[in-house]
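Below you will find the structure I want to go over with you.
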């Protein structure tokens with residue numbers, strides 16, 4: 001099992017803030033697996049394509065998420081992209 005810290009914010013699922021949480025996950029869990037867990041938890045079908053996902057400060061693109069295996073102690077951040085003017 002691995003322990004991963006999940007930080008979510010910036011309007012994901014229409015929420016301005018979701019409390020950080022620690023997840024105990026099986027080894028081999030991917031970024032995409034955690035996104036699915038998050039979507040189920042906050043009641044959305046999928047993360048918007050504009051959503052930014054990072055692991056330990058490194059951006060994880062949409063094409064990389066299914067193959068990016070998380071490791072014990074990783075910090076995964078998910079935020080919705082937004083613009084101002």
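Filter the stretch 26-55 down to the residues that are in a loop (DSSP other than H, G, I, E, B) and surrounded by 13 or more Cβ atoms within 10 Å (Cβ to Cβ) and list them by number.
29, 44, 47, 51 - these are the residues of the stretch 26-55 that are in a loop (DSSP other than H, G, I, E, B) and surrounded by 13 or more Cβ atoms within 10 Å (Cβ to Cβ).
May I ask you to list the residues in the stretch 1-15 that are modelled with pLDDT of 95 or more, part of a strand (DSSP E or B) and surrounded by fewer than 18 Cβ atoms within 10 Å (Cβ to Cβ)?
Of the stretch 1-15, the ones modelled with pLDDT of 95 or more are 1-5.
Okay, now just the ones that are also part of a strand (DSSP E or B), so 2-5.
Within the stretch 1-15, 2, 3, 5 meet the criteria.
Based on this model, can you work out whether residue 18 counts as modelled with pLDDT under 85 and either surrounded by 11 or more Cβ atoms within 10 Å (Cβ to Cβ) or not in a loop (DSSP other than H, G, I, E, B) (or both)?
Judged against the criteria, residue 18 is a match.
With the requirement that a residue be over 17 Å from residue 8 (Cβ atoms) and surrounded by 12 or more Cβ atoms within 10 Å (Cβ to Cβ), what does the stretch 69-85 give you?
Within the stretch 69-85, 69, 71 qualify.
The values are calculated or read from the model by the stated rules, or taken from the named source; none is laboratory data. Given the structure is predicted, the values throughout are model-derived calculations rather than measurements. Virtual Cβ from ideal backbone geometry, glycine too; neighbours counted across all protein chains shown.
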